[in-house]
Amino acid sequence: MAEIEDQTISEGDAERHRAKMAKRKAVQDAEVAGKTIEKGLLIVNTGPGKGKTTAAFGLALRMLGYGKRVGVVQFIKGKWHTGEKDAFAAFGDRVVWHAMGEGFTWETQDLKRDIAAAEAAWAKALELMADPSISLVVLDELNIALRYDYLDLKQVVAALKARRGDLHVIVTGRNAKPLLVEAADLVTEMGLTKHHFSAGVKAQQGIEF
């Protein structure tokens with residue numbers, strides 16, 4: 001067994017650390033105290049990396065933990081079974097879930113059908129955003145519908161900006177449009193450093209769906 005390194009800390013080192021942390025705490029406390037605005041956020045999770053929808057559902061779970069209601073509209077996913085939908089079903093009517101997609105455009109190969117599905121999903125999104133009992137709306141893969149021009153970008157962004165002041169909305173999907181990014185309060189770009197698909201690993205239960 002390797003010897004455990006002696007990590008004895010001198011009183012001088014401990015005192016310097018306390019002083020350093022005290023200064024840092026003062027800076028952090030002052031910064032936090034200066035943040036006084038409370039409002040509904042428009043959040044965009046985009047980028048080529050995995051985890052955009054997963055992160056959105058993490059926030060949904062947090063909201064549910066505080067007794068809030070959550071709405072979900074899925075613009076692309078719809079036909080396949082997912083574990084997250086089953087998990088959120090346990091919350092009953094506190095989660096309003098609409099999987100309204102027809103699949104990816106390369107699967108449907110039908111532009112009119114894709115546009116009709118996106119328009120129906122957007123109508124449902126507007127309905128959920130107008131519901132005062134819902135605190136968070138997840139618009140899963142709306143970015144993909146906007147990328148392929150299934151919806152009018154300016155109209156979508158205008159509606160998101162005009163939502164009620166206390167409503168949080170999360171938009172997910174690759175290739176977020178610059179106009180949406182500009183309108184958002186928080187934008188996270190998920191980077192792709194390494195992905196198991198490139199090594200031939202298929203989508204797996206509990207990881208991808």
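The values are calculated or read from the model by the stated rules, or taken from the named source; none is laboratory data. In this text the structure is predicted, and so the values were computed from the model without any measurement. FYI the Cβ positions are ideal-geometry reconstructions off the backbone, even for glycines, and counts take in every protein chain you see. Protein only, heavy atoms only, side chains kept; ligands, DNA and RNA dropped before computing areas. Shrake-Rupley method; radii C 1.70, N 1.55, O 1.52, S 1.80 Å.
Can you go through GLY67, GLY83 and tell me which one is without any contact (Cβ under 8 Å) to a residue 40 or more places away in the chain and surrounded by fewer than 21 Cβ atoms within 10 Å (Cβ to Cβ)?
Every option except GLY67 fails the conditions.
Here is a check on your reading of the model: is TRP97 among the aromatic types (Phe, Trp, Tyr), in a helix (DSSP H, G or I) and open to solvent by less than 60 Å² (accessible area, probe 1.4 Å)?
Spelling it out, it is not the case that TRP97 is among the aromatic types (Phe, Trp, Tyr), in a helix (DSSP H, G or I) and open to solvent by less than 60 Å² (accessible area, probe 1.4 Å).
What number goes with the only condition from (1) touching a residue at least 40 places away in the same chain (Cβ under 8 Å); (2) assigned to a loop (DSSP other than H, G, I, E, B) that ALA60 does not pass?
Of the numbered conditions (1) touching a residue at least 40 places away in the same chain (Cβ under 8 Å); (2) assigned to a loop (DSSP other than H, G, I, E, B), the odd one out for ALA60 is (2).
Hey, LYS77 hits all of (1) modelled with pLDDT under 90; (2) open to solvent by 60 Å² or more (accessible area, probe 1.4 Å); (3) part of a loop (DSSP other than H, G, I, E, B); (4) not small (Gly, Ala, Ser) but one; which does it fall short on?
Result: LYS77 fails condition (2) only.
Pairs under 7 Å by beta carbon, first residue acidic (Asp, Glu) in region 189-205, partner open to solvent by less than 90 Å² (accessible area, probe 1.4 Å), six or more apart or different chains?
Between residues of region 189-205 that are acidic (Asp, Glu) and residues that are open to solvent by less than 90 Å² (accessible area, probe 1.4 Å), the close pairs are GLU189/THR46; GLU189/GLY47.
Can you give me the number of residues within region 157-200 that are among the β-branched types (Val, Ile, Thr) and loosely packed, with under 11 Cβ neighbours inside 10 Å?
1
When you look at ASP152, is it within 18 Å of the chain's Cα centre (by Cα) and open to solvent by 60 Å² or more (accessible area, probe 1.4 Å), yes or no?
Answer is no for this residue.
Give the number of residues within region 23-51 that are aliphatic (A, V, I, L, M), part of a loop (DSSP other than H, G, I, E, B) and in contact with a strand residue (DSSP E or B) (Cβ under 9 Å, 6 or more places away or on another chain).
Total meeting the criteria: 1.
What helices (runs of 4 or more DSSP H), lying completely within region 114-209, carry at least 1 residues that are under 17 Å from THR53 (Cβ atoms) and out of contact with any Leu (no Cβ under 6 Å at 6 or more places or on another chain)?
142-147, 178-183
Among the residues of region 114-127, write down those that are in contact (Cβ under 8 Å) with a residue 24 or more places away in the chain and either open to solvent by 10 Å² or more (accessible area, probe 1.4 Å) or more than 15 Å from LEU42 (Cα to Cα) (or both).
Across region 114-127, the qualifying residues are ASP114, ILE115, ALA117, ALA118, GLU119, ALA121, TRP122, LYS124, LEU126.
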